[in-house]
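Below is one structure, written out as structure tokens; the observations come after it.
Each reported figure results from applying straightforward, stated rules to the coordinates on display, with no laboratory input. Since we're looking at a predicted model, the values are computed, not measured. Cβ: placed from backbone, ideal geometry, glycine included. Neighbour counts: every protein chain shown.
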Amino acid sequence: MKKFSSVLPAFILLFSTLYPSFMTSAPTVNAAETTNVVISEIAWMGTTKSYSDEWIELYNNSGTDVVLDGWQLNAADGAPAITLSGTIPANGYFLLEKTDDQSVSNIPADLIYSGSLGNTAEDLKLIDPTGAVIDEVDTWYAGDNTAKATMERIDPNVAGMSSTNWATANASYADGLGTPKAFNSTGTDGSGSVEDPGGGTTTPPPTNNVCNDRTQHINHVSESEGAMNVYFNKCAFPQYASAGNEANYNVNFEDILIKRLNSATKSIDFATYEINLPRVVDTLIQKAAQGVDVRVIADSKDAADPHYAERFETMRLHLEKMVRGQDMKIGTADDIVVFSDSPMFAVEDSAKRTSLGLPASADDIAQVTVTVGTTAETGRLFVNGESKAAGSYFGPGNQMHNKFAIIDDRWVFTGTWNFTVTGLYGSDENMQQGILDGNQNQIVEVNWPQLAGIYETEFNEMWGATALNPDPAVSNFSSRKTDNTTHVIDINGRKVEIYFSAGDNAVGKMADVIRNEAQFNTYFSIFAWSDQAIADELKNKWEGSYNDLEGTLTGFDVKGLFDSDFYNQWWSASVDMSGRTASQTSVNNPNTRWKNPAPVYADAEVRKLHSKTMLIDVDTNSDPTTIVGSTNWSNNGNNVNDENMLIIHDASITNQFVQEFNARYVQAGGTLQ
């Protein structure tokens with residue numbers, strides 16, 4: 001209940017005189033009281049940029065907006081003393097940055113304040129316009145000055161001064177460890193499972209197969225040479241973990257990528273199918289300004305294709321920011337070199353340009369007329385592409401579908417995730433609140449110079465050079481590439497295979513692994529699968545025959561998930577496997593080929609099931625193997641697009657993947673045995 005200490009109406013003043021026990025001498029907040037606004041996170045230690053870059057985050061745990069006009073956030077010693085204004089949205093965040101809007105890179109402040117926080121402790125009170133203390137923090141219960149890790153509230157629904165409701169942040173952002181304007185890395189959604197500062201859970205994993213936990217769990221991360229870190233942006237079932245091998249799940253991939261990019265001291269090679277995440281773009285720009293060599297390959301699109309038009313326009317605006325660098329001037333030392341499979345022209349809509357911080361006009365970029373494919377196009381060309389001849393380029397019909405980064409010739413960051421808002425958050429509104437309602441994805445990062453060198457060879461083949469600037473005449477994308485990389489390496493005793501498309505027959509290698517190595521089970525989650533060779537090998541394992549509508553169950557275990565958009569297409573392997581009649585048919589493709597339908601399902605994700613992942617001989621002694629990467633199992637994925645695929649022979653990695661697979665499978669209606 002709110003208590004008033006300001007000037008009171010006469011009848012309340014009389015009431016307090018006659019019945020003093022009903023009133024308090026000073027407004028306080030009950031430690032277990034639920035309020036609509038709480039102090040959610042405090043960077044009392046500053047950031048990696050400066051100890052003076054302090055910031056504070058408020059959180060509105062109610063379902064309605066709260067107008068903060070007349071509210072105050074005051075320290076008991078008088079500094080800071082902040083008069084609040086503005087609105088904090090329902091279930092949203094409000095970011096206060098000290099001195100200027102640079103305390104948190106890339107995230108706009110909702111309010112700028114003055115006054116420093118002490119490094120030992122402060123007593124902060126959040127006071128509403130009536131004078132009631134809505135929340136209070138009387139000391140620093142958590143946070144790390146050395147690591148520049150913030151103090152985060154664990155349960156955002158509970159206000160007050162409970163030491164057990166605060167923890168030290170363990171997720172990275174551009175300026176240290178913390179989650180400005182995002183779900184706290186140590187927080188709980190009310191399910192009762194919370195992370196401790198070391199990354200483990202303080203409650204046991206669920207014994208039932210219900211996926212209702214949205215808390216970020218970071219359980220296994222290593223920086224040592226040979227480290228192989230796997231992350232999932234959706235929930236997982238840790239009850240299926242082998243001993244001490246709980247997966248990293250409900251993870252904000254953007255934080256992981258930014259942390260890895262920020263570790264670069266020499267070079268970043270970045271291949272992206274799409275990109276529109278402002279924090280990632282700004283991090284790349286900052287690293288280039290620091291003197292790191294940043295090379296970016298981005299896929300071009302057909303600008304007239306309505307399926308791509310809007311998001312391709314947005315990507316070009318972000319890419320132009322990279323090309324201009326931190327000073328926004330083309331041709332200076334801080335510029336990022338961006339290259340593509342086909343040239344890109346600047347967006348010239350002044351309103352759209354200024355909305356992203358670009359100059360209103362692109363007239364400092366030369367206007368040219370060139371041939372793209374078979375069509376003459378005129379525009380301000382700011383991203384060069386693979387050329388056929390002088391003034392002539394390949395068209396954008398093929399996809400540079402990679403999503404990988406190479407950092408300091410050591411770390412490889414790859415997986416299924418496109419570096420986009422929809423790929424992680426689902427919407428701009430979700431991004432502002434740190435809600436991970438985007439596509440289902442998986443990422444892998446590996447610290448191994450030999451692997452980095454293999455990816456570097458692939459990157460340089462597309463780039464056309466080993467230098468900072470590309471060579472459009474030497475560059476090769478798509479089917480023009482050659483098979484020029486090592487395919488099998490040993491990473492501290494773990495066999496890892498690496499295949500690139502086009503040219504390496506990556507999908508054929510998958511079929512080989514199933515035919516020659518799978519002994520007990522195969523589980524998969526796939527966005528698009530039309531390749532018949534893989535399906536045939538799996539059919540033979542399942543029912544002992546390659547022939548249509550022939551076979552007897554062998555005892556080999558198959559479970560699978562398909563993205564629901566493609567589950568009922570005539571070309572999808574799901575139709576053959578499940579014994580259904582597709583909504584579309586083809587003369588060259590029967591409605592079903594498997595005599596004994598397998599337990600495969602359409603996904604039940606919020607957005608897309610974006611996996612391209614197969615698990616073989618999970619939790620057995622027969623070489624458990626994970627296949628993951630950007631490659632869809634199709635002709636385009638194998639023979640046309642630029643793709644990368646890892647085949648990881650490792651029991652622990654495969655067990656982490658099956659924890660996430662099991663959650664997706666049960667969510668889609670499957671049963672685990």
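So here's what we get for this one:
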quantity: Cα-based reach from Lys388 at 14 Å (exclusive), listing aspartates and glutamates while leaving out same-chain residues under 8 positions away; calculated: Asp341, Asp471
quantity: Relative pair counts by distance (%), Cα atoms of segment 480-667, 5 Å bins; calculated: 1, 8, 16, 21, 21, 17, 10, 4, 1, 0
quantity: Positive-end residue, the chain charge dipole about Cα centroid, Cβ charges, pick of Thr482, Gln519, Ser163; calculated: Gln519
quantity: FRET E, pair Ala376, Glu348, Förster distance 22 Å, beta-carbon r, rounded to 0.05; calculated: 0.75
quantity: Net lengthening on full extension, Thr146/Val221 (0.36 nm per residue, minus Cα-Cα); calculated: 25.1 nm
quantity: Long pairs among Lys352/Lys403; Lys98/Lys266; Lys49/Lys259, criterion Cα-Cα beyond 21 Å; calculated: Lys352/Lys403; Lys98/Lys266
quantity: Eligible aspartates and glutamates near Lys321 by straight Cα distance, threshold 14 Å, same-chain separation 8 or greater; calculated: Asp282, Glu313, Asp334, Asp335, Glu348, Asp364
quantity: Simple spin-label estimate for Ser479 and Ala533 in nanometres, 7 Å along Cα-Cβ; calculated: 1.5 nm
quantity: Neighbour net charge for Asp335 - beta-carbon separation under 12 angstrom, K R +1, D E -1; calculated: 0
quantity: Loop-resident sites, segment 307-340, for trypsin sites (Lys or Arg not before Pro), counting at most 14 other Cβ within 10 Å (DSSP); calculated: Lys329
quantity: Pairwise FRET efficiency - Lys49 versus Asp123, Cβ, R0 = 22 Å, nearest 0.05; calculated: 0.25
quantity: Among Gly555, Gln569, Met510 - extreme Cα towards positive end, dipole of segment 504-573, charges at beta-carbon; calculated: Gly555
quantity: Directionally averaged shadow of the chain, computed from the convex hull of its alpha-carbon atoms, nm²; calculated: 32.7 nm²
quantity: Label-point separation in nm, Ile330 to Asn621, each point 7 Å along Cα→Cβ; calculated: 6.5 nm
quantity: Linear extension gain, Ala604 paired with Ala81, 0.36 nm per residue minus alpha-carbon span; calculated: 183.4 nm
quantity: Between helix 309-324 and the chain: long-axis angle, C-alpha atoms, 0 to 90°, nearest 10; calculated: 70 degrees
quantity: Stokes-Einstein D (µm²/s) once Rh is taken as the Kirkwood radius of segment 254-463 over alpha-carbon pairs, at 10 °C in 1.306 mPa s; calculated: 90 µm²/s
quantity: The chain, relative contact order in percent, only Cα pairs under 8 angstrom and at least six apart counted; calculated: 10 percent
quantity: Sum of side-chain charges, Gln440 neighbourhood, beta-carbon under 14 Å (Lys, Arg +1; Asp, Glu -1); calculated: 0
quantity: Charge sum, other residues only, whose C-beta stays under 11 Å from Asn644's C-beta, Lys/Arg counted +1 and Asp/Glu -1; calculated: -2
quantity: Separation in nanometres of the label points that stand 7 Å from Cα toward Cβ, at Thr552 and Asp512; calculated: 3.3 nm
quantity: Relative packing of peptides 555-566, 486-497, 137-148 - highest average C-beta neighbours within 10 Å first; calculated: 555-566, 137-148, 486-497
quantity: Backbone HN-Hα couplings from phi across segment 497-503 [Karplus 6.51/-1.76/1.60, Hz, Gly and Pro as x]; calculated: 10, 10, 9, 10, 10, 7, x
quantity: Value at 222 nm in deg cm²/dmol, rounded to 500, when DSSP H runs of n ≥ 4 in the chain each add -39,500 (n - 2.57); calculated: -5500 deg cm²/dmol
quantity: Potential extension, Gln239-Thr164 segment - 0.36 nm per residue separation minus Cα distance; calculated: 24.4 nm
